[in-house]
Amino acid sequence: GEAFRQNLPALTARAIPDLEVTERNMAWPLMGLAAYYAVDARPEVLAAAKSVADRAIAWQARGTSGAFEHDINRPDPSECEDGPAGASPFMTSLLIDALVDYHSLSKDARVVTVLRKAAAWFEKDARSSDGLAFRYLWNCKTDSYDNTDYVDLNLLIVHVFGATYALTGETKWLDLGDTMADAGVEAMYVGRPKQWNQAARAFPRYLGYRALGRKP
């Protein structure tokens, strides 16, 4: 936690901050800072977490989609040749996860608005045309990723809808979460550690949020 806190100046020094190269670049430090504050509730730790949350909120607000828009060619040109205002649905889910951790400790009401906007983007724009999967990348001009090749990643993403329900009380997000979870469970792949870790870490969070509003 202290390493995350002390490293923030380096992560924010460039014209395009390293924190904003991908959504997960911001997600992991914020998760770490939130966990740090949970066990060491000093004002300077909360201030560090808030500074990252401030950046996340401002990042989303710079666009109009509800995503955390950025150049998706920059981190991995092999995945998209041209995507100056794109986003990664699965990485976005990690940043939402971090913001919910931060909200649970800070009660920062702005996070609720971020979740509503992000959930609406996931629903309307980030899904494949058949509504069963999320695009691996969104708004890539050279590849729409409009397929179900990555439907197993639904299990990494659906907690967003559970969290949005938990913070807003709007049950429509559980309807969408169940639809996407059903498709994800059917396509679950845990044959390698990465895929196992993704599903095992994130999907139970959705089940926990869901249990607040529906009987298992």
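The values are calculated or read from the model by the stated rules, or taken from the named source; none is laboratory data. No experiment lies behind these values; they were computed from the predicted model shown. FYI the Cβ positions are ideal-geometry reconstructions off the backbone, even for glycines, and counts take in every protein chain you see. Ligands, DNA and RNA are stripped out before the accessible areas are found, and what is left, the full protein with its side chains, is counted by its heavy atoms. Shrake-Rupley method; radii C 1.70, N 1.55, O 1.52, S 1.80 Å.
Residues checked against (1) over 21 Å from E79 (Cβ atoms); (2) exposed (fewer than 14 other Cβ atoms within 10 Å of the Cβ); (3) in contact with a Lys or Arg (Cβ under 7 Å, 6 or more places away or on another chain):
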position	(1), (2), (3)
L156	no, no, no
H159	yes, no, yes
K172	yes, yes, no
L176	yes, no, no
A183	yes, no, no
Q198	no, no, no
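Pairing each residue of the stretch 7-22 that is free of Cβ contacts under 8 Å to residues at least 24 places away in the same chain and within 20 Å of V45 (Cβ to Cβ) with any residue that is open to solvent by 40 Å² or more (accessible area, probe 1.4 Å) and part of a helix (DSSP H, G or I), provided the two are 6+ apart or on different chains, yields C-beta distances under 7 Å for L11/D18. Considering the stretch 107-204, the qualifying helices (runs of 4 or more DSSP H), each wholly inside and each with 3 or more residues that are out of contact with any strand residue (DSSP E or B) (no Cβ under 9 Å at 6 or more places or on another chain) and without any contact (Cβ under 8 Å) to a residue 40 or more places away in the chain, run over 172-186. Of everything in the stretch 200-216 that is among the aliphatic types (A, V, I, L, M) and open to solvent by 40 Å² or more (accessible area, probe 1.4 Å), the residue that is nearest to T148 (Cα to Cα) is A200. Scan the stretch 79-101 for residues that are under 13 Å from the mean Cα position of the chain (by Cα) and open to solvent by 10 Å² or more (accessible area, probe 1.4 Å) and jot them down. Correct list: F90, M91, L94, V100, D101.
Among the residues examined, G83 qualifies as part of a loop (DSSP other than H, G, I, E, B), out of contact with any Pro (no Cβ under 8 Å at 6 or more places or on another chain) and under 23 Å from L153 (Cα atoms).
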